[in-house]
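The values are calculated or read from the model by the stated rules, or taken from the named source; none is laboratory data. Quantities reported herein were computed from a predicted structural model and do not represent experimental measurements. Backbone-built Cβ (ideal geometry, glycine too); neighbour counts: all protein chains shown. Only protein heavy atoms, including side chains, enter the accessible area calculation; ligands, DNA and RNA are left aside. Shrake-Rupley method; radii C 1.70, N 1.55, O 1.52, S 1.80 Å.
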Amino acid sequence: MTTLIPREPYTQDELARLYPAALKLQLVQVFLRHGERTPVSSRFLDMASSSKDLSEWNGFQWHRKMESFGSNDQAMITTGPGGRVEGMCLHGELTDKGRETTYALGQRLRNLYVDQLGFMPEIKSDTEDMYLRATPIPRALESLQQAFWGMYPASARTLDFAPPVIVARQINEETLFPNEGNCKRFRQLARLFADRAATRWNDSEQMAYLNSLWSKYMPEESPKVAVDAHPRLSGIMDTINATDAHGPATKLPSEFYDKKGRGILDRIAVEEWFAGYGESSEYRKLGIGALMGDVVDRMVSTAVEGGWRSETAASGSGNPETSKNIKFAMSGCHDTTLAAILSSVGGFQNQSWPPFTSSIAVELFSQAPGSDSNAGTVLEEFLNPSLPAKKPGILSQLFGKSAPKQSATSGTARASLQSLPEGARKSLQNHYVRIRYNDQPVRIPGCAAKPENHLPGDETFCTLDAFKEIVDKFTPKNWQGECTANLGAGLHGPDDREKAPAGF
């Protein structure tokens, strides 16, 4: 499947099951794949600039024409479908279709979290309780913008609404996608798993079927379809998916859309790119562990410290005295991000490649007021560390003689589960994590395996304690340092010995 076909909004009965009254929603972290785009290499589509609610962000109006080399290296105009010469896209750029689908995603998020649940306000005057982030890839940023405007259109923003802060990182420090280009050991592992996939599939009956469909379109210097051919099999899939999403003007020959062939293609590509997350703790750690460590840190801060705050997301000076707790995070990212998140927690079994505009929502719940929880005690101590106490408080036990002053940098960041005191562990056990992938709850095997690890009656609600224990096993202590360790150690380095499978 290329373009996501979203399900209908939840009915009232479904809402009652998915969001039980005994739980209170505390924090939502959404990771969205960008919308439909052009192929990432050597292909192009027609595109025009979206007019949907971007007037305040797009102050410079312009037209683009593209040039290419002629026979004598002279500049020649590049034309698109129908002979059009303006509004052409570069490789990998978001198209109007992508803008429309990500805007629609934002509308669905609004319907759920604003209209149905009342978790986020109807009208926004700022984004101080939100964390918006995108990778350095333009299509991820533009998709995030569209999703945000879909969630909070002009009619839902006050006249003095300030431009939102969108957090970004330098590419060499980016962990919002598996950063193969800047993590040497992960790049090495990715190539080893790709080579293994080539060995398994290149001479198979399935590959022979793909060759019967597509080999006549392969270049003379690489006449056979193969995992490691040129173009690579995954590159062929990228072209098929991108062209299939945009109508007849961009379509390849009909053989490329053969249903059986696409099923084989998807199976092989998913194994090549994502099998490592299920088999190798080192692959999980270097590919997505730093991001998942951040995801857990935010939830632990919310559960133990009374809220998660971020200096980078604040539009003002970042003064912790005036900043707000963040309730909703939204990150523009990629298919490899979503598949890596799900695979790393054992939730990507028998799944297809994530379609355009797919999304993951990581939701944190606490027990509703009146339940047996000490979160209130934790919050009171955190906000008033100078109050006298008859016995050491939770944060005092964790950090020493005195609890830290409230700051945007969590004191519990990357703290191992075993280092947390009993009171903090109890708070984590009274909070629940649920992942929804394209609006479907995800079952995490390590949470479902034991009754004490999940909400009674629903295995998709994992205790924060159990979820953190799973993620701690592949959270790097120093991602950049570990990216240069174990070079040349083969498919399974020393860090992979006797490690638990994904999701445990």
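Taking θ as phi - 60° and the Karplus parameters 6.51, -1.76 and 1.60, the scalar couplings of region 168-179 work out to 9, 10, 5, 4, 6, 10, 7, 10, 7, 8, x, 8 Hz in sequence order, x denoting glycine and proline. The solvent-accessible area of residue 161, taken with every protein chain present and a 1.4 Å probe, is close to 30 Å². Maximal additional length on extending the residue 315-residue 480 stretch stands at 56.5 nm, based on 0.36 nm per residue less the C-alpha distance.
The fraction of accessible area contributed by carbon and sulfur in region 205-313 is 52 percent, rounded to a whole number (1.4 Å probe; ligands and nucleic acids excluded).
Rounded, prolate or oblate: which fits region 214-276, taking a ≥ b ≥ c as square roots of the Cα gyration tensor eigenvalues, rounded meaning a/c under 1.5, else prolate when a/b beats b/c?
In terms of gyration-tensor shape, oblate.
Express the accessible area of region 1-42 per residue in Å², computed with a 1.4 Å probe while the remaining protein chains stay in the model.
On a per-residue basis, 48 Å².
The trypsin sites (Lys or Arg not before Pro) found in region 226-305 that occupy coil by DSSP, while having at most 16 further C-beta atoms within 10 Å, are 251.
Taking a temperature of 20 °C and a viscosity of 1.002 mPa s, what whole-number D in µm²/s does Stokes-Einstein yield for region 145-200 with Rh from Kirkwood over alpha carbon pairs?
Values: Rh = 15.1 Å.
Translational D for this selection: 142 µm²/s.
For region 188-232 versus region 253-310, the inter-centroid distance based on Cα atoms is 23 Å.
Ordering 482-488, 94-100, 191-197, 106-112 by mean Cβ neighbour count within 10 Å, with the highest value first, yields 94-100, 106-112, 191-197, 482-488.
Quick check: net charge around residue 176, other residues with Cβ under 11 Å of its Cβ, Lys/Arg +1 and Asp/Glu -1?
On the way: positive: 133, 169; negative: 173, 174, 294.
Summing Lys and Arg as +1 and Asp and Glu as -1 gives -1.
Spin-label model, residue 158 to residue 125: label points 7 Å out along the Cα-to-beta-carbon direction sit 0.2 nm apart. Taking all protein chains together and a 1.4 Å probe, the residues 477, 324, 224 rank 477, 224, 324 from largest to smallest accessible area.
Compute the Cα gyration tensor for region 97-182, then decide on rounded, prolate or oblate, letting a ≥ b ≥ c be the square roots of its eigenvalues: rounded whenever a/c is under 1.5, prolate when a/b is larger than b/c in the other cases, and oblate in all that remain.
Values: a/c = 2.16, a/b = 1.75, b/c = 1.24.
Cα axes put region 97-182 in the prolate bin.
Taking a probe of 1.4 Å, how large is the accessible area per residue of region 130-265, in Å²?
Working: 6230 Å² over 136 residues.
Dividing the accessible area of region 130-265 by its residue count gives 46 Å².
Among 9-18, 299-308, sorting by the average number of other beta carbon atoms lying within 10 angstrom of each residue, highest first, gives 299-308, 9-18. Scanning residues 5 or more positions from residue 167 or on other chains, those with amide H under 5 Å from its amide H are 132, 133, 134, with H placed 1.01 Å from N in the peptide plane.
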